[in-house]
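A short write-up of the structure that comes next.
The values are calculated or read from the model by the stated rules, or taken from the named source; none is laboratory data. Note that this is a predicted model, so its numbers are computed, not measured. Because the Cβ atoms are built from the backbone with ideal geometry, glycine has one as well, and the counts that use them run over all protein chains shown. All accessible areas refer to the heavy atoms of the entire protein, side chains included, with ligands and DNA or RNA removed. Shrake-Rupley method; radii C 1.70, N 1.55, O 1.52, S 1.80 Å.
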Amino acid sequence: MSQSSVPATDPAVYAEYQTTWSNLPDTEEAWIARAREVSKVLAKDAAQRDQENKSPRAEVALLKHSGLTKLLGPEKYGGGEQPWSVGYKAIREVAKADG
């Protein structure tokens, strides 16, 4: 199956979350809590998306909106400046719902 024939998740599925997380967390606990929130959102339809072999475009957008993609970045560039240990914990939380 070519990449172009794989349907993408409709971004509108997660539109309500685009402005949900306006500020980045500032502690390890807050980052892990954010990852748990994202995990709960993704868990709702993870199995269905997997069965339908959908491209995760909307899910990637959700991760960006949540700020989790900035977790390791330097604070001076808008990142969370967290250590890798926090990054690994956040990844594990999200992966519990959607690997």
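Screening the chain for whole DSSP H helices of 24 Å or more along their axis (Cα) with average Kyte-Doolittle hydropathy at least -0.5 returns none. Here is how the number arises for the chain: DSSP H runs of 4 or more residues each give -39500 (n - 2.57), the sum is divided by the residue count, and the result at 222 nm is -14500 deg cm²/dmol. The distance between label points at residue 85 and residue 57 comes to 4.0 nm (points 7 Å beyond Cα on the Cα→Cβ vector).
The relative contact order of the range 27-96, computed from alpha carbon pairs under 8 Å that lie at least 6 residues apart in sequence, is 43 percent. Temperature 25 °C, viscosity 0.890 mPa s: under these conditions the Stokes-Einstein estimate for the range 27-96, based on its Kirkwood radius over C-alpha pairs, is 194 µm² per second.
Of 79, 27, 48, which is farthest along the charge dipole of the chain in the positive direction, counting Lys and Arg as +1 and Asp and Glu as -1 at C-beta? The listed residue farthest towards the positive side: 48. Per-residue SASA remark: residue 89, around 80 Å² accessible (1.4 Å probe; ligands, DNA and RNA not included).
Which links in 76/96; 44/64; 54/76; 40/76 stretch past 28 Å when you go from one Cα to the other?
Values: 76/96 31 Å; 44/64 18 Å; 54/76 36 Å; 40/76 30 Å.
Going by Cα-Cα distance, 76/96; 54/76; 40/76 fall outside the 28 Å limit.
Straight-line reach from residue 70: taking Cα to Cα under 18 Å and skipping same-chain neighbours fewer than 8 places apart, the aspartates and glutamates in range are 26, 28, 29, 37, 59, 81, 93. What does the charge count around residue 97 come to, taking other residues whose C-beta lies under 13 Å from its C-beta (Lys +1, Arg +1, Asp -1, Glu -1)? Surrounding charge for residue 97 is 0.
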